[in-house]
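Inspection log for the structure reproduced underneath, given as structure tokens.
The values are calculated or read from the model by the stated rules, or taken from the named source; none is laboratory data. For clarity, every value in this text was computed on a predicted model and none was experimentally measured. Glycine also receives a Cβ, built like all others from the backbone with ideal geometry; neighbour counts cover every protein chain displayed.
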């Protein structure tokens, strides 16, 4: 992919509801350092439940689990304010839909710039989120 790409919440819900999926996140900091985060049971709920986020177990080369704060949070968009911020719609403030809690911590769906971050104090140059079906223990041993 040469450009930003978002599969869409409904498609991601349908894909992740069929079987267990892993989420792999590739992060590149402004100075070029790379990190990754992995979740072993990624899925999002359906539209009626606000596309709530579910992650599973965390591992990776980055120390902090910034996505955990968004677990069981509904997805917020410019026209659907599901975040916990009292005074603002976080999707408007950060120019991106996301599983915003109180507009802090992680925002990997923002346009490139200061609002793209793993933790608010660590802006990123690049963020990729990839999913794949989780292999069973039997498949791993073969």
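Tell me whether region 67-77 contains one or more residues that are more than 14 Å from the chain's Cα centre (by Cα), under 22 Å from residue 131 (Cβ atoms) and part of a helix (DSSP H, G or I).
Looking for residues that are more than 14 Å from the chain's Cα centre (by Cα), under 22 Å from residue 131 (Cβ atoms) and part of a helix (DSSP H, G or I), one finds none in region 67-77, hence no.
Determine, yes or no, whether residue 86 is in a loop (DSSP other than H, G, I, E, B) and loosely packed, with under 13 Cβ neighbours inside 10 Å. Write out each step before concluding.
On the way: in a loop (DSSP other than H, G, I, E, B): yes; loosely packed, with under 13 Cβ neighbours inside 10 Å: yes.
Yes.
Restrict the check to region 129-141 and report whether at least one residue is under 15 Å from the mean Cα position of the chain (by Cα) and either at pLDDT 95 or above or assigned to a loop (DSSP other than H, G, I, E, B) (or both).
Quick first cut of region 129-141, residues under 15 Å from the mean Cα position of the chain (by Cα) only: 129-132.
Add one more test, that the residue is either at pLDDT 95 or above or assigned to a loop (DSSP other than H, G, I, E, B) (or both), and what stays is none.
No, region 129-141 has no match at all.
Exactly one of these conditions fails for residue 128: (1) under 24 Å from residue 14 (Cα atoms); (2) without any contact (Cβ under 8 Å) to a residue 24 or more places away in the chain. Give me its number.
That leaves (2) as the condition not met.
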